[in-house]
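Here is the structure we will look at, set down as structure tokens.
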Amino acid sequence: MADNTSSGNNFIDENHEDLLNHLSELSEYDQSEWDPDIFKSKLDSFIHDLESHFSHEELILSGAGFSDLRAHALLHRELALNIHKKNLLSYDPKSAAELVREITAETISHELMSDQEYWDLFNDKPSSSKRLLLWSKDLETGHPEIDKQHIALMNHVNHLYLRTQRNNDYQEAAKELRMLVLYSKYHFQEEEKHIDNKVSTQHKANHRKLLDDLNILIEEVESEKYDLSSLADYFDYWLFNHIRTYDVPK
């Protein structure tokens, strides 16, 4: 299977996609036929897959010489323990749906933020001249956590772009873009939740517009409508123009 997320290790990338697919299946569980035992069994299955993935990832990172493996493994333990604790509680259809949303957000946050720390082990570190997007001080929002998420999205776009330039694979590019939709949706939800009093109706509407437009782009990339090199002229405006217009204090 070709790379479809951004770590650069095919096995890890496929694991990440499988976990998100598993969560998607959980979110689609038919609540009209609600059975708490079936839901718990499905959640147990996800936890098993999650912990198996963590074990695989740590083995690979150890072999690759990842210097921050101990700290990264602790993040794995914390995430798994948190989900185990939640699985001890009882759920009705409404609270189960909320639980799946929480676990999905936590999993995406880990993949988007923490896993970027080891990307350079499996990818050639791009020089400034090869990067599509470069972070600058004028993009800072005054909210360190929001800035971290913006930088993580920028890094994902840079890796996506560099990979498409290497192999010109349209289907791989579409898969990368679908992951970017998931990560961006998570970021927008976090942004709206944590600075709700400062996020205008127009700002929220622009979040929806960005996601809608990205989904249109995915369909166009799948049909090979554009030369992939032209994505450079899209993403600079897609991400940075939004940050400068809506996120940076006036």
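The values are calculated or read from the model by the stated rules, or taken from the named source; none is laboratory data. Since we're looking at a predicted model, the values are computed, not measured. Backbone-built Cβ (ideal geometry, glycine too); neighbour counts: all protein chains shown.
Things to note:
- Subset tally (residues that are in contact with a helix residue (DSSP H, G or I) (Cβ under 7 Å, 6 or more places away or on another chain), of a type in the set (D, E, K, R) and within 15 Å of TYR170 (Cα to Cα)) for the stretch 202-228: 2
- Restricted to the stretch 41-153, the set of helices (runs of 4 or more DSSP H) holding at least 1 residues that are small (Gly, Ala, Ser) and surrounded by 17 or more Cβ atoms within 10 Å (Cβ to Cβ) comprises 69-87, 93-112.
- The listed residues are ASP124, ASP115, ASP147, and the only one of them that is modelled with pLDDT under 90, within 26 Å of LEU177 (Cα to Cα) and acidic (Asp, Glu) turns out to be ASP124.
- Residue list for the stretch 32-47, filter: more than 15 Å from LEU88 (Cα to Cα) and free of Cβ contacts under 8 Å to residues at least 12 places away in the same chain: SER32, GLU33, ASP35
- Among the criteria (1) outside any helix (DSSP H, G or I); (2) closer than 21 Å to ASP13 by Cβ, the one VAL157 does not fulfil is (1).
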